[in-house]
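The values are calculated or read from the model by the stated rules, or taken from the named source; none is laboratory data. Given the structure is predicted, the values throughout are model-derived calculations rather than measurements. Here the Cβ positions follow ideal geometry from the backbone for every residue, glycine too, while neighbour counts run over all protein chains shown.
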Amino acid sequence: MNESELNELNAKLNPELQQLFDRYGRCEECNQIMTDFNWCYTCNVERFRKNFNNWTSGNRDIDKFIQETQLSAKQHFNILEWISYESFRDIKYIAKGGFGKVYRAKWKDGYIFMWDNKIQNWGRLQPNMFVALKSLNNSKNVTSAFISEV
């Protein structure tokens, strides 16, 4: 039995897989059942994993938290990503809070929506969208306990 036939059998035995297959179909690259519209969990996990060494927040616990969301994301709206300061513009101070300061800014790229096979990069939506930025006091010292609290 080849991989495709095994996937079909699993889909028939597992109603949840069958529902995903009926709704989203198969990935063009790996032939696995998609977990959302244009979202292949199998391929995207590898894409994220390969990119881990290309970014850092400067805090190991924050990086680990972001990476864990990327490795478990079954849909595009389940991920977090590290966004460098240079990706924001029109940054305006709003207020000071208990843990830091809040700003409003335009995020030039927009959020990840899907992998675009034509350009071999993430397809994004809502470029130049307004977002809230929060700077954390002593962010280099943020611990996993603090992240769990958030």
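Observations, loosely collected:
- If you go through region 25-45 and pick out every residue that is over 12 Å from His76 (Cβ atoms) and more than 12 Å from the chain's Cα centre (by Cα), you end up with 11.
Yes/no per residue for (1) of a type in the set (Ser, Thr, Tyr); (2) modelled with pLDDT of 95 or more:
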| residue | (1), (2) |
| --- | --- |
| Arg89 | no, yes |
| Lys92 | no, yes |
| Gly98 | no, no |
| Tyr103 | yes, yes |
| Arg124 | no, yes |
| Val142 | no, no |
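- The strands (runs of 3 or more DSSP E) found entirely in region 43-116 that carry 2 or more residues being touching a residue at least 40 places away in the same chain (Cβ under 8 Å) are 88-96, 111-116.
- When Lys101, Lys74, Lys134 are checked against the criterion of being within 15 Å of Cys40 (Cα to Cα) and surrounded by fewer than 16 Cβ atoms within 10 Å (Cβ to Cβ), a single residue qualifies: Lys74.
- Test for Ser57: is it out of contact with any helix residue (DSSP H, G or I) (no Cβ under 7 Å at 6 or more places or on another chain) and among the hydroxyl-bearing types (Ser, Thr, Tyr): no
- Scanning region 104-128 for residues that are within 22 Å of Tyr24 (Cβ to Cβ), crowded, with 16+ Cβ neighbours inside 10 Å and either touching a Gly at 6+ places or on another chain (Cβ under 8 Å) or acidic (Asp, Glu) (or both) returns Ile112, Phe113, Met114, Trp115, Arg124.
- Residue in region 85-92 that is touching a helix residue (DSSP H, G or I) at 6+ places or on another chain (Cβ under 7 Å) and farther than 19 Å from Asn141 by Cα present: no
- Qualifying residue in region 6-18 (condition: among the charged types (D, E, K, R), at pLDDT below 90 and surrounded by 14 or more Cβ atoms within 10 Å (Cβ to Cβ)): yes
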